[in-house]
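A quick write-up on the structure given underneath.
A short reminder: the numbers here are calculations on the coordinates, not readings from a lab. As the structure is a prediction and not an experimental result, all values here were calculated from the model. Here the Cβ is made from the backbone with ideal geometry for all residues, glycine too, and neighbour counts use every protein chain on show.
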Amino acid sequence: MKELLQKMGVTTAIFDLDGTLIDNNAFHLQSWKQYLKEIGKQISEEEYKKNINGRTNKDAIEYIYGRKMSADEAMIYTLEKEAIYRSLYQPYIQPVAGLLQLLQTLHQLNVPMAIATSGIPVNIEFMFQHIPIKQYFKEIVHSAHIKKGKPDPEIYLKTAELLQVKPDQCLVFEDAVVGVQAAKKAGMKVIAVTTTHTAEELKEADKIITDYTVLL
């Protein structure tokens, strides 16, 4: 891992959460389908990947309902949907293969780490309750900290600022196409994980992996 960091010219690691730390997007899709069924709507996997995966809940809810909303109104719908997600995923929650070893390796190399996620605090805490990795991250940036969701680079630029590093010193781990686009727009290197999208869909990334075991 040390050699890869040197080759890419980076000193800092930033992780997306959904689909990157935990392989949970199938459960997000399932929970969206259940939520939408209750309001008489449907969504396909392709539509989910194109318009919802990687985006903030507010952007996703506005897409679903086809109109702009206040943050407070969107959060009402968000909390309903995310409660379904946590109920569905709790029996199955686990890290992406190799993640725990990767985090420990980066920690031993004194690489500062952060999370930059489009998700909401309750889901972040839900993950930490089941996967005890919170101690590895110096900063946790989420949807409430930004005005523009991915593919806008705001969340990654803000994370670099909080870590007090230049964007070109950052290596981002992502699973979503819009996340890869956001990180590249921020001037960062990107390793994409094919938990949700195909390698072809993630081709803008600097490196593409199936899981973290290939980096160890």
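Quick look at the values:
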item	result
Net length gained if the chain between residue 68 and residue 47 were fully extended (0.36 nm per residue, minus Cα distance)	5.7 nm
Column: log10 I(q)/I(0), Debye, Cα scatterers of the stretch 127-216, q = 0.15, 0.18, 0.24, 0.25 Å⁻¹	-0.61, -0.87, -1.29, -1.31
Part-to-part distance (alpha-carbon centres) for the stretch 190-216 and the stretch 101-162, which is given in Å	18
Burial order of peptide ranges 10-20, 198-208 (average beta-carbon count within 10 Å, highest first)	10-20, 198-208
More than 14 Å apart - percent of Cα-Cα pairs taken over the stretch 25-91	55
Peptide ranges 80-87, 165-172, 34-41, 183-190 listed from the most packed, as the mean C-beta count within 10 angstrom indicates	183-190, 165-172, 80-87, 34-41
Among the listed pairs 58/148; 37/81; 2/185; 147/203; 49/203; 147/185, those beyond 18 Å (Cα-Cα)	2/185; 147/203
Cα→Cβ-extended label distance, 7 Å offset, between residue 76 and residue 101, nm	4.9
Mean residue ellipticity (222 nm) of the chain, computed from DSSP H runs ≥ 4 via -39,500 (n - 2.57), nearest 500	-13000 deg cm²/dmol
Over 27 Å [Cα-Cα, the chain], rounded percent	26
Calculated P(r) tail over 13 Å for the stretch 87-152, as whole % of Cα pairs	70
